[in-house]
Structures are given as C-alpha cells and as structure tokens.
Amino acid sequence: MTHDHVAPQPFNGFALGSAVLGNLSLLAAWIPILNLAVIVPAAVGLTFGVLGLRRSGGRGMAISGIVASSASLILVVVALGLFAVVVFRLRPA
C-alpha cells in the first residue's frame with residue numbers, strides 16, 4: 001500500500017489579506033456613513049492583491065481581493081458623484 005504525499009501550498013498572507021479587506025470594504029461601501037472610510041481598506045486590499053499575485057499560492061484569493069477592492073472603490077466614486085450631483089442641484093441659485 002503506497003501513500004501519495006501531496007506537499008501543501010505555501011501560505012500567502014497578502015492574498016488572504018486582500019480577500020478579507022476587499023470583501024469587508026465591499027460590504028461596508030453600501031453603508032452611506034462608512035462610504036468614505038472604505039477608501040483606505042479598499043486601496044490596501046488592492047495593493048495586497050497585486051502583491052499576492054506575485055507570490056506563490058493563493059492566486060484565487062488574490063484575484064477575488066482585487067475584484068472586490070476594485071468594485072468597492074468604483075462604488076464609492078459613483079456614490080460620491082451622485083451625492084455631489086444631488087447637492088449641487090438642491091443648492092439655491
């Protein structure tokens with residue numbers, strides 16, 4: 001009876017950090033008061049995702065972190081743009 005031993009993948013902390021920060025910032029981006037505070041963790045998650053792609057292991061987590069961080073940054077920019085349009089339209093002339 002032979003036992004095939006598969007070596008575990010190396011741990012990629014940047015990929016894990018990117019996935020966690022990206023998903024948390026994507027969830028928090030929908031809350032109006034936390035909208036501006038999401039910019040920092042989303043940018044850090046995007047940076048960690050790019051760094052995680054360059055290391056071995058955790059490629060899927062790095063990609064999901066990049067996608068979630070990018071989506072939350074886009075959501076924040078769109079929400080701020082809509083807020084600015086509403087504020088300038090309601091301002092008396």
Notebook entry, point to check: Could we say that residue 40 is surrounded by 11 or more Cβ atoms within 10 Å (Cβ to Cβ) and either in a loop (DSSP other than H, G, I, E, B) or out of contact with any Asp or Glu (no Cβ under 9 Å at 6 or more places or on another chain) (or both) here?
Noted result: yes
Next item on the list: Go over the candidates 50, 44, 38 one by one and state the one that is touching a Ser or Thr at 6+ places or on another chain (Cβ under 7 Å) and closer than 26 Å to residue 75 by Cβ.
Entry: 38
Checklist line | Unmet criterion (only one of (1) touching a Pro at 6+ places or on another chain (Cβ under 6 Å); (2) surrounded by 16 or more Cβ atoms within 10 Å (Cβ to Cβ)) for residue 56 | finding: (2)
Checklist line | Condition broken by residue 89, with the remaining ones in (1) in a helix (DSSP H, G or I); (2) among the charged types (D, E, K, R); (3) touching a residue at least 24 places away in the same chain (Cβ under 8 Å) satisfied | finding: (3)
Check: If you check residue 64 against the conditions, is it surrounded by fewer than 22 Cβ atoms within 10 Å (Cβ to Cβ), polar (S, T, N, Q) and in contact with a helix residue (DSSP H, G or I) (Cβ under 6 Å, 6 or more places away or on another chain)?
Finding: yes
Note to self: Here is a list: 13, 45, 17. Which entry is without any contact (Cβ under 8 Å) to a residue 60 or more places away in the chain, under 11 Å from residue 66 (Cα atoms) and over 8 Å from the mean Cα position of the chain (by Cα)?
What the structure shows: 17
Check: Does residue 25 satisfy the criteria of being outside any helix (DSSP H, G or I), touching a Pro at 6+ places or on another chain (Cβ under 7 Å) and of a type in the set (S, T, N, Q)?
Finding: no
Next item on the list: Among the residues of the stretch 1-37, count how many are loosely packed, with under 11 Cβ neighbours inside 10 Å and hydroxyl-bearing (Ser, Thr, Tyr).
Entry: 1
Margin query: Name the single residue that is modelled with the lowest pLDDT among those in the stretch 10-67 being among the charged types (D, E, K, R) and in contact with a Phe, Trp or Tyr (Cβ under 9 Å, 6 or more places away or on another chain).
Written below: 55
Check: For the stretch 24-35, what are the residues that are over 13 Å from residue 75 (Cβ atoms) and touching a Gly at 6+ places or on another chain (Cβ under 9 Å)?
Finding: 24
Next item on the list: Answer yes if at least one residue in the stretch 58-67 is outside any helix (DSSP H, G or I), under 30 Å from residue 7 (Cα atoms) and in contact (Cβ under 8 Å) with a residue 12 or more places away in the chain, and no otherwise.
Entry: yes
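The values are calculated or read from the model by the stated rules, or taken from the named source; none is laboratory data. Computed from a predicted model, the values in this text were never measured in an experiment. With ideal geometry, Cβ positions are generated from the backbone for all residues, glycine too; neighbour counts draw on all protein chains shown.
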